[in-house]
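The values are calculated or read from the model by the stated rules, or taken from the named source; none is laboratory data. Quick caveat: nothing in here was measured; it's all calculated off a predicted structure. All Cβ positions, even for glycine, are placed from backbone atoms using ideal geometry, and neighbour counts span all protein chains on display. Just so you know, the surface numbers come from the protein's heavy atoms only, side chains and all, with ligands and any DNA or RNA stripped out. Shrake-Rupley method; radii C 1.70, N 1.55, O 1.52, S 1.80 Å.
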Amino acid sequence: MKTDLILVAGAGGFIGGHLVADLRRKGFTRIRAVDCKPFDEWYQRFEGVENLVLDLSVREHCNTATAGASEVYNLAADMGGMGFIEKNKALCMLTVLINTHMLMAAKEHGVKRFFYASSACVYNADKQRDPNVTALKEADAYPAMPEDGYGWEKLFSERMCRHFREDFGVQARVARFHNVYGPHGTWDGGREKAPAAVCRKVIHAKATNDLTINIWGDGNQTRSFMYIDDCLFGIDRILHSDIVEPLNLGSSELVSINQLVDIVSDIAGVKLRRSYDLTAPKGVNGRNSDNTQIKKLLNWEPSIRLRDGLERTYAWIHDQYVARQKGQRQHAKS
Ligand code: NAD
């Protein structure tokens, strides 16, 4: 029902902000948006939405957030790109408090559907040693050897969703996101992920006419990247399905980081000299999303071409960069 109360946890962040926008577009009239960040740091904030600053690692705050909610989207997490998660394992693991308390509150308040944002970082590291990857299928999370810190927390929280469903009837649905990117997300400061970081570096190189780019690792590591619009569509489909096992939600368009740089340089219309930092965090050698399951179960898979999504992302980061040069702040756009 469009008049049901919908909670978006982590709404000041990248995906949460887009989700609130999407729910508004779909005509939902009672949306509660919650994040622990002060309002002026939210990427998107909207009028007509109940915006709350709450720390969802605290049980009482989860009660306040979930009271009366029919559906909960839990996107709140202390996270970032490889540069952040490799150096902040304890902080990443503390996110377990958010999901634990959110599930407890959802149970108490009789929430009808609960979405949990898991990650491809749950997958066994042994399956990701070769840049010429075999795409990861859902079963590859076990036997468990996920990304240290962040990935362990995600895998544990997936299990908790399963057991809250089995034992308490909380209708939890879990998607394993593979690298989501788009406008209105982190693009500098240390938590940004590869697409945003590459866009920023290319924009900076062009603006300063210092036509070099520093790449983390040897650039041969491979990944797939999913544009935010595909992510939102997939979240909706998965939450409102009967699929109770965690499902990959990612693009299967595999590129190396060098190819990612090629595309962004082409969008910018520059050619850059490349230097490689072999000591920088670079994550696994190769990772792609096997979409057999999602195609079978939902008759759909993410399909927005990387080049198309990057053009929109590049344009937004370019605007942010220019605004910052002028001393303007661009956050909290509504
Ligand atoms: P984000 O960092 O932009 O958003 C997360 C938000 O959670 C932030 O605004 C943060 O302030 C908020 N938060 C952190 N701790 C909180 C707390 N204690 N109480 C309330 N809010 C809190 O990240 P995102 O890219 O939007 O990711 C959303 C979810 O998707 C996360 O769970 C993340 O782990 C998952 N995920 C994202 C990606 C990706 O590529 N972006 C990939 C895999 C999984």
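Below are the figures for this structure:
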read-out	value
Those GluC sites (Glu not before Pro) in segment 30-127 that DSSP places in a loop and that have at most 15 other beta carbons within 10 Å	Glu47
Among 319-327, 291-299, the order from most to least packed when residues are scored by Cβ within 10 Å on average	291-299, 319-327
Segment 141-219, relative contact order in percent, only Cα pairs under 8 angstrom and at least six apart counted	12
Protein-only accessible surface order, largest first, of Arg307, Arg30 at 1.4 Å	Arg30, Arg307
Reachable lysines, given that their alpha-carbon falls under 17 Å from the alpha-carbon of Lys295 and they are not under 8 places away in the same chain	Lys137
Degrees between helix 150-168 axis and first principal axis of the chain (Cα, 0 to 90, nearest 10)	20
Flagged links, alpha-carbon separation over 28 Å, of Lys154/Lys271; Lys26/Lys326; Lys154/Lys282; Lys89/Lys201; Lys193/Lys326	Lys154/Lys271; Lys26/Lys326
Which of Ser256, Ala207, Ala141, positive extreme of dipole for the chain (C-beta unit charges)	Ala207
Listed residues Pro143, Pro38, Pro302, most fluctuating in the chain (Gaussian network, C-alpha, under 10 Å)	Pro143
Whether segment 16-70 is rounded, prolate or oblate, judged on the alpha carbon gyration tensor where a/c under 1.5 counts as rounded	oblate
Nearby aspartates and glutamates by direct alpha-carbon distance to Lys127 (threshold 16 angstrom, same-chain neighbours under 8 apart not counted)	Glu138, Asp140, Glu147, Asp148, Asp290
Label-to-label distance, nm, for residues given as Leu52 and Lys326 (7 Å Cα→Cβ offset)	3.7
Degrees, to the nearest 10: 306-325 long Cα axis against longest axis of the chain	80
Helix 257-268 axis, angle to the chain major axis (alpha carbon atoms, nearest 10°)	80
Three-way shape call for segment 198-334 based on the alpha-carbon gyration tensor, with the a/c threshold at 1.5	oblate
